[in-house]
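Here is the structure we will look at.
Every number in this text was worked out from the coordinates using simple rules, so none of it is lab data. Since we're looking at a predicted model, the values are computed, not measured. Cβ atoms come from the backbone with ideal geometry, glycine included; neighbour counts cover every protein chain shown.
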Amino acid sequence: MNEEAVFQTATAAYERGRWRWAAVSALPMAVIPLASFAIGQRMLPSVVLGVALLAMATALLWRGQGFGRGLAVGLKAGLVPLVLSHAANLYGHVCTATGCTSLCVPACAAGGVVAGFVIASAAARTPARWHVIGAGGVTACLIGAFGCSCVGFGGIAGMVLGMAISLTAVRLWPATHGVDR
């Protein structure tokens with residue numbers, strides 16, 4: 001074998017090993033769709049979102065660096081809308097003399113706002129801030145969607161909108177107050 005062939009073989013083996021490591025490392029995240037299904041009893045969203053979450057987590061771990069940090073931040077941030085939406089769903093409706101209302105959409109929106117602040121503050125402390133914001137935002141949206149899918153598209157849209165508002169507010173705050181980021 002010549003030098004180039006040896007290098008190509010070693011590189012391919014290295015990449016296969018990294019993909020295997022990333023896939024095995026992402027497996028514990030399967031607890032999220034399983035627990036979400038146990039609480040919410042929604043099979044299709046749990047399966048579809050679970051497959052997407054595991055595939056994305058594997059790719060982000062394989063890529064590493066800022067993307068891997070973004071996955072960890074997104075996991076923490078995504079638990080906020082997930083827990084709030086499941087709690088609102090379990091609590092049910094709030095009824096007053098004028099009628100009843102669901103708490104799911106406001107819980108998803110509030111969880112998205114908090115998740116956006118968590119991601120933005122973590123991204124501010126790393127040189128790969130856009131990788132952290134992107135990977136963390138997508139991860140948090142996927143994880144939050146397990147709970148926010150209880151009311152369909154409205155819950156997920158509320159979470160994404162809340163996250164976008166807080167990410168934008170945190171990114172614009174330094175520009176309006178003379179702080180360089």
Principal-axis tilt of helix 129-148 within the chain, Cα atoms, nearest 10 degrees:
50
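How big is the charge dipole of the chain about its Cα centre, in debye rounded to the nearest 20, if each Lys and Arg gets +1 on its Cβ and each Asp and Glu gets -1 on its Cβ?
Computed charge dipole of the chain: roughly 200 debye.
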For the chain, the longest principal axis of the Cα atoms and the Cα long axis of helix 104-123 enclose an angle in degrees, to the nearest 10, of 40
Largest-first ellipsoid semi-axes for the chain, taking √(5λ) over the Cα gyration tensor eigenvalues, angstrom:
35, 23, 9
Inter-label distance, nm, simple model (7 Å from Cα along the C-beta direction), residue 157/residue 121
3.0
Measuring from label point to label point, each 7 Å out along Cα→Cβ, what is the residue 24 to residue 7 span in nm?
2.9
Tilt relative to the chain, helix 31-40 - C-alpha long axis, 0 to 90 degrees, to 10:
20
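Sort 130-143, 57-70 for me by packing, meaning the mean count of neighbouring Cβ atoms within 10 Å per residue, highest on top. Intermediate results must be reported in sequence, preceding the final value.
On the way: 130-143: 23.6, 57-70: 20.2.
In decreasing order of mean packing, 130-143, 57-70 become 130-143, 57-70.
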